[in-house]
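Down below is the structure, laid out as structure tokens.
Every read-out reported here was derived from the displayed coordinates using simple, explicitly stated rules and does not represent laboratory data. Just so it is clear, the model here is predicted, and its values are computed rather than measured. Positions of Cβ are generated from backbone atoms using ideal geometry, with glycine treated the same way; all protein chains shown enter the neighbour counts.
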Amino acid sequence: MAIAQPGSTDPLNAPDHALLHRIIAADPTATVQSLTVDSSDNVKALNGNFVIGTSGKGIDFSVDGSAAGMTSELLDDYEEGTWTPVVIFTTGGDLSVTYSYQVGTYQKVGNWVIASCNLRTTGFTHTTASGSLTITGFPFAHSGTSNYDNFSAAGWRGITKASYTNIGAYMAGAESQCYFYASGSGQVFTDVGVADVPTGGTVILKFTLNYQI
Amino acid sequence: MLEKKVVIDSIEVLETGHIQVRQATKIIEDGKELSKSYHRWVVLPGDDYSTQDERVKKVAEVIHTKEVVDTYKAQQLENK
């Protein structure tokens, strides 16, 4: 069944006209089909996109069974783009950083953000900076939920922390910047601080952090 | 004629005082948009917003009160 017949001046000439009373063709003289429903009841947009016309509306999956703890079955947003990761310490002091590349990309699916960071410094010097190694510039703020940090593994260079073997990026509630936790067998979880990232080194940080907004 | 347009197309203020900014880069040919890409960032309470877009600056001037900044800083400490 074609909802809008090619060349038709009446876009509503399908058999079940009454069910389609809200479909209005933008161009009734169009000579190609725009929207079809096939014999399996699949709806196809042949030439364009399905465009959600109202913010907060989307695709409702509530017909499917729900898992315990379910809070929403509406997929109401998707977006992709870029962001610019920037290396700082909690207190920047005289920190000076130049980059050979600093690339950030993101996808937002519903209320989750997938943010990738890929950077390498060409210059990295500091004498008066203090605090934790931090990446700023994230595209969205983490939700304000307390005790709900999001972690990811990270690849790195330029960090020296004796007895620690793993470093991961984490973002806490209401933040839009991430810090780095170091961990190792028998070691206490601890932030990567200014003393662990020596001046004059080359810093490389690569990770993909998923977080809720 | 091809035209490149860079605009701030979304300024969103969260309850926490974070200002989420979206910049759209559009490639337009004869009035028809051929492509659009997004770049995003967040202006945090307490951030220096002097280099931001004029509209973002005006929003930050209103939103980033001392109380909002102090609450955010306290939340940061709590996260540690």
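Just the residues that are touching a Cys at 6+ places or on another chain (Cβ under 9 Å) and either among the basic types (Lys, Arg) or more than 10 Å from chain B (Cβ to nearest Cβ) (or both), please, taken from the range A:128-148. Within the range A:128-148, A:THR134, A:ILE135 meet the criteria. In the set A:THR105, A:THR125, only one residue is surrounded by fewer than 18 Cβ atoms within 10 Å (Cβ to Cβ), more than 14 Å from chain B (Cβ to nearest Cβ) and touching a residue at least 24 places away in the same chain (Cβ under 8 Å); that residue is A:THR125. Tell me, please, whether a residue that is within 14 Å of chain B (Cβ to nearest Cβ) and either without any contact (Cβ under 8 Å) to a residue 24 or more places away in the chain or farther than 30 Å from B:VAL43 by Cα (or both) can be found in the range A:29-50. Scanning the range A:29-50 turns up at least one residue that is within 14 Å of chain B (Cβ to nearest Cβ) and either without any contact (Cβ under 8 Å) to a residue 24 or more places away in the chain or farther than 30 Å from B:VAL43 by Cα (or both). A:ASN210 fulfils the conditions (1) assigned to a strand (DSSP E or B); (2) surrounded by 19 or more Cβ atoms within 10 Å (Cβ to Cβ) except for a single criterion, (2).
Every residue, every condition in (1) over 12 Å from the mean Cα position of the chain (by Cα); (2) not β-branched (Val, Ile, Thr), yes or no:
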site	(1), (2)
B:LYS5	yes, yes
B:LEU14	no, yes
B:VAL21	no, no
B:LYS26	yes, yes
B:LEU44	no, yes
B:ASP48	yes, yes
B:GLU61	yes, yes
B:THR65	yes, no
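Scanning the range A:168-198 for residues that are over 30 Å from B:VAL69 (Cβ atoms) and of a type outside the set (Gly, Ala, Ser) yields A:GLN187, A:VAL188, A:PRO198. Each residue in the range A:162-191 was checked for being closer than 30 Å to B:GLU15 by Cβ and in contact with a strand residue (DSSP E or B) (Cβ under 6 Å, 6 or more places away or on another chain), and 12 pass.
For (1) in contact (Cβ under 8 Å) with a residue 24 or more places away in the chain; (2) within 19 Å of A:LEU95 (Cβ to Cβ); (3) of a type outside the set (Val, Ile, Thr), each residue gets a yes or a no:
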position: A:LEU133; (1), (2), (3): yes, yes, yes
position: A:THR136; (1), (2), (3): yes, yes, no
position: A:ARG157; (1), (2), (3): yes, yes, yes
position: A:TYR181; (1), (2), (3): yes, no, yes
position: A:ALA195; (1), (2), (3): no, yes, yes
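Among residues of the range A:171-192 being surrounded by fewer than 21 Cβ atoms within 10 Å (Cβ to Cβ) and of a type outside the set (Gly, Ala, Ser), the one that is farthest from the other protein chains (Cβ to nearest Cβ) is A:GLN187. Of the listed requirements (1) buried (at least 19 other Cβ atoms within 10 Å of the Cβ); (2) within 25 Å of A:ASP94 (Cα to Cα), A:ALA141 misses just one: (2).
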